[in-house]
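Student: This is the structure I want to talk about, given as structure tokens.
Read the figures in this text as sums done on the coordinates, not as results from a lab. These numbers come from a predicted model, not from an experiment. Backbone-built Cβ (ideal geometry, glycine too); neighbour counts: all protein chains shown.
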Amino acid sequence: MYPKIMLYNTLTRSVDEFVPITEGKVGMYTCGPTVYNYAHIGNLRTFIFEDVLKKMFKRAGYEVCHVMNITDVGHLSDDADSGEDKMEKAAQKEKKSVWDIAKFYTDAFFKDEEELNIQKADYIPRATDHINEILALIKRLEDNGYTYTANGNVYFSIDKFPTYGELAQLDKQKLNAGERVEIDENKKNPHDFVLWFTKSKFKNQSMLWPSPYGTGYPGWHIECSAMSMKYLGEHFDIHCGGIDAIPVHHTNEIAQSEGATGHKWVNCWMHGEFLLSEKGKMSKSSGTFLTLGVLKDNGFDPLAYRYFVLGCHYRKQLQFSYEALSGAQNALNRLRSAVREIAKNAQGQTQSDSKALEAYTNEFNAALYSDMNMPVCLAVLQKVVKDKTLPDVDKCAFIRDTDRVLSLSLTDILDGKDKQEAQIIPDEIKDLAEKRLDAKKQKDYQQADSIRNKILSLGYSIKDTPQGYEINKL
Ligand code: AMP
Ligand code: ZN
């Protein structure tokens, strides 16, 4: 009844057949953003990969329960308990309260999701709303003998958990102190990690809660264990994140969760590869990162970024450049025009070649269900659009069906809800825009400005883009 879905599991290091815990259902948890800044486009690449994963399951007929947390406390600039508190640092810099920072960047993240057609998770728990669950989990770990207290903080003792590091295939014996983490004198093993901080390194820590261990705040890793188990139960299907989460964050999540319950926690671990900037991995801490807002300011459509991301397999590194993004924008524009044409031609058509449509759908599914080979899925879509023998009604059916996963808003075009279509720019304005472009090329900026004013006076705005310009009705 359900198609065979093959997925790469970081735990087994192989592409395995997906077998749900409960027939017809998928429980998935994806580590959400740490809301101390805008999400960068690397983060968004991971969230797009997770969105495709969820929509793939839904299209295959599964009922999906998706939980994504919001980390609004406890994430230090180094994943392993050292460095500065990300939220506190941002609050100091922006002269706002940590709560205001969290709210502002959470809302900004939701807007990014919407613009990228990323469907919201079914549950979006905030760490600060789950302190009781976090403390209850720490108590279970304490009862099971996994914790110790040193200098006021509660630590997880990894030596008590024999399979520690299995996910990352860490060979504990070979790891020297300080190789992966900063030395902390309070730790029995340098890879132990904090479950509950009371001795804050940050004098003005404002997010504090009472606890049996003293007033303090939770470590980052325990948040994901507590919130995932609350909404998905103590054993669920899939846990996702970016590959940077494997060696510390997800490794520690497994130790805590399985230490508390005494049994397997997650069946399949999936990780998205990095988006690279010119300087290497894109990261917020480096200070130089790109946001969706910056791409938009440069004239790009957020969905061109989605198209760009879909053009690379999620387990491959993706090098960002504006040139490559322009290529994606052009390809998407061409695709949209073709779909507009198809929609027009399909009106009143009933003739259908179901065999050819079925063959294309099978080709698409084969790629999608083989560890989400989205570049091939896009190539099949392009083939369908360009096929001269396939009836337009079939093309429409294919576009509608596959857009449930690709989410490039092609269905809106079929339904006549396309914004670009609705906005018909008169020839007079287009001519003026071309004349302005010529004037700019000849460095006649006075003339260019005067043409812009004329365009404005006629009720249209004009914005420069890497492709030339964009006109909008005011
Ligand atoms: P954060 O907001 O830092 O907690 O990260 C949110 C998500 O983005 C996590 O799943 C990270 O693993 C992921 N991530 C961080 N940097 C990158 C990157 N350069 N490329 C792709 N994903 C990333
Ligand atoms: Zn997490």
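Student: Compute for the range 342-398: radius of gyration divided by Kirkwood radius, i.e. Rg/Rh, restricted to C-alpha atoms, rounded to two decimals.
Tutor: 1.01
Student: Give the range of the longest stretch in the chain that excludes all GluC sites (Glu not before Pro) found in loop regions by DSSP and having at most 12 other beta-carbon atoms within 10 Å. Provide the component values of the computation, followed by the final result.
Tutor: Values: sites that count: E23, E179, E185, E278.
Result for the longest clean stretch: 279-474.
Student: Quickly rank 192-198, 399-405 as a protection proxy: mean count of other C-beta atoms within 10 Å, highest first.
Tutor: Highest to lowest by the protection proxy: 192-198, 399-405.
Student: With respect to the cross-link table entries K25/K54; K296/K443; K188/K284, which display a Cα-Cα separation exceeding 22 Å?
Tutor: Cα-Cα > 22 Å for K296/K443; K188/K284; rest within.
Student: Would the chain count as rounded, prolate or oblate if I go by the C-alpha gyration tensor, calling it rounded below 1.5 in a/c and otherwise prolate when a/b exceeds b/c, oblate otherwise?
Tutor: oblate
Student: By DSSP, what percent of the beta bridges with both residues in the chain are antiparallel, rounded to the nearest 5?
Tutor: In the chain, DSSP labels about 50 percent of beta bridges as antiparallel.
Student: Next question, about the same structure. What is the sum of charges around R306, taking Lys and Arg as +1, Asp and Glu as -1, for the other residues whose C-beta is under 10 Å from the C-beta of R306?
Tutor: Its environment carries a net charge of -2.
Student: Right, here's the next one. From the phi of every residue in the range 270-281, what ³J(HN,Hα) in whole Hz does the Karplus formula 6.51 cos²θ - 1.76 cosθ + 1.60 yield, where θ is phi - 60° and glycine or proline is x?
Tutor: 10, 10, x, 6, 6, 8, 9, 9, 4, 8, x, 4
Student: Continuing with the same structure: Quick one: order W269, W99 by neighbouring beta-carbon count within 10 Å, fewest to most. The partial results should precede the final answer.
Tutor: Numbers: W269 21, W99 14.
Ascending Cβ contact count within 10 Å gives the list W99, W269.
Student: Let me check against my output: what whole-number percent is the relative contact order of the chain, with C-alpha pairs under 8 Å and at least 6 apart?
Tutor: Rounded, it is 16 percent for the chain.
Student: Quick one: angle between helix 374-386 and the longest Cα principal axis of the chain, in degrees between 0 and 90, rounded to 10, please.
Tutor: For 374-386 against the chain, the angle is about 10 degrees.
Student: Something else about it: Check cross-link reach from K388 to the lysines: straight Cα distance under 18 Å, and skip same-chain residues fewer than eight apart.
Tutor: List returned: K344, K355.
Student: Out of every Cα-Cα pair in the range 17-132, what percent are more than 24 Å apart? Spell out each step's value before the answer.
Tutor: Values: 2225 of 6670 pairs.
Tail of P(r) above 24 Å: 33 percent of Cα pairs.
Student: With unit charges on the beta carbon (Lys/Arg positive, Asp/Glu negative), name the residue among W220, Q446, I134 whose Cα is farthest towards the positive pole of the charge dipole of the chain.
Tutor: Q446
Student: What list of ³J(HN,Hα) couplings, whole Hz, do you get for the range 300-305 from phi and the Karplus terms 6.51, -1.76, 1.60, once you set θ to phi - 60° and write x for glycine and proline?
Tutor: Coupling constants for the range 300-305: 8, 8, x, 6, 5, 5 Hz.
Student: Kindly provide the helix-only [θ] at 222 nm of the chain, computed as the sum of -39,500 (n - 2.57) over DSSP H runs of four or more divided by all residues, to the nearest 500 deg cm²/dmol?
Tutor: Estimated from H runs of four or more residues: -13500 deg cm²/dmol.
Student: Here is a follow-up. Helix 427-441 against the longest principal axis of the chain: what's the angle in degrees, Cα atoms only, rounded to the nearest 10?
Tutor: 70 degrees
Student: Another question about this same structure. Where Lys and Arg each count +1 and Asp and Glu each count -1, what net charge lies around V98 among other residues with Cβ under 11 Å from its Cβ?
Tutor: Combined, the nearby Lys, Arg, Asp and Glu give -1.
Student: Another question about this same structure. When the convex hull of the Cα atoms of the range 199-334 is projected onto a plane and the area is averaged over all directions, what value comes out in nm²? Please report the intermediate quantities before stating the final value.
Tutor: Details: hull surface 47.3 nm².
The number I arrive at for the range 199-334 is 11.8 nm².
Student: Using only the alpha-carbon atoms of the range 310-389, report the extent along each of the three principal axes, biggest first, to the nearest angstrom.
Tutor: 44, 28, 15
Student: Could you work out how far helix 322-346 tilts from the main Cα principal axis of the chain, as a 0 to 90 degree angle to the nearest 10?
Tutor: Once rounded, the angle reads 60 degrees.
Student: Among the lysines, which fall within straight-line cross-link reach of K281, defined as a Cα-Cα distance under 21 Å, with same-chain neighbours fewer than 8 residues apart omitted?
Tutor: K86, K316
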